[in-house]
1. Which of the three applies to the stretch 27-148, rounded, prolate or oblate, going by the alpha-carbon gyration tensor with a ≥ b ≥ c and a/c under 1.5 meaning rounded?
2. Quick check: the angle from helix 264-282's long axis to the longest principal axis of the chain, C-alpha only, nearest 10 degrees?
3. Quick check: Cα centre of the stretch 99-135 to Cα centre of the stretch 294-324, how many Å?
4. Counting DSSP beta bridges with both partners in the chain, what percentage is antiparallel, nearest 5?
5. Determine the shape class of the stretch 82-167: with a ≥ b ≥ c the square roots of the Cα gyration tensor eigenvalues, call it rounded for a/c under 1.5, and otherwise prolate if a/b is greater than b/c, oblate otherwise.
6. Please report, largest first and rounded to whole Å, the three semi-axes of the ellipsoid equivalent to the chain, where each semi-axis is the square root of five times an eigenvalue of the C-alpha gyration tensor.
7. Applying a 10 Å radius around every beta-carbon, put 114-126, 246-258, 304-316 in order of their mean neighbour count, most first.
8. Compute the distance from the alpha-carbon center of the stretch 181-202 to that of the stretch 1-37, in whole Å.
Ligand code: F6P
């Protein structure tokens, strides 16, 4: 039976990481297992930034975005020698198991530690929701809600001034945030990396709407396609051949999407994942991550996750098509 485990958060922070940490600590405490918090992601292993987490440290954090453990994108973990050293340091510190909460890069690091014989379980957390093996990663729901609320506000101005707004959202190489918020906000266009956009069709759609009563439009652009500046210049180049009077403005949402109070969904997901990760480690599971599959929390082997692309669900794409969102053509 493990006497202690450590927990760290790594990569971009995601709302719901704190409820996950809290759940890890509380579940472990129930099994008389100590939890050691490692600060600042994998970097904290090298820095020796560790501290035993107690119940009192967890008060007042369930409703806070970000991560109380802080996070980093640790360069030393890209180097096999760095992972070897991290394993040795963990052993020297007397740590018997590790929970890694983070995105695909962080989970790849977890797999490396597992391959070296160190017991590790991962918890997927990324606003991008780009991790295979789980329908939702911690943080994506909160980010999508934040984006939705911001786009709703921008729509007020779009309606009032008959404008077209191009809104650049995060997501790295995934169009999940862009497409789902285009659906929830009733946007006209989603430009996503998984599909090739058709400028001619977009400009025609905007022009037709502008000329009719529906004179405002919203385009949600995923950052993985290009930046908003570039997309506007492409649209203007396309526009030159047609008469198109509408004013086009851009808004880059940036890091306001990543912070904020975690939603109910992300708190519950963080709690469920945290509990499952500890139960897994206590049952000598290693090299897997928690995942949400058809409403159930499962453990999935990291070998089936790392290095594979998560595709947008065909149901989501069908829905976007039926709601008449212009999102381009499949990439051959
Ligand atoms: O992976 C989460 C994410 O917010 C991406 O959507 C974005 O591309 C990236 O992190 C930004 O990272 P940073 O905060 O390090 O600039």
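No lab work stands behind these numbers, since they all come straight from the coordinates. This is a predicted model, so every value here is computed, not measured. Quick reminder, even Gly has a Cβ in these numbers, built from the backbone with ideal geometry, and neighbours come from all protein chains shown.
1. Details: a/c = 1.81, a/b = 1.23, b/c = 1.47.
Oblate shape, in that a/c is at least 1.5 and b/c is the bigger or equal ratio.
2. 30
3. With the stretch 99-135 and the stretch 294-324 each reduced to a Cα centre, they are spaced 17 Å.
4. Details: 11 of 43 bridges.
Taking every DSSP beta bridge with both residues in the chain, the antiparallel ones total about 25 percent.
5. Details: a/c = 4.21, a/b = 3.94, b/c = 1.07.
Cα axes put the stretch 82-167 in the prolate bin.
6. Equivalent-ellipsoid dimensions as semi-axes: 42, 18, 17 Å.
7. Working: 114-126: 24.5, 246-258: 15.8, 304-316: 13.8.
Most protected by this proxy first, the peptides run 114-126, 246-258, 304-316.
8. 39
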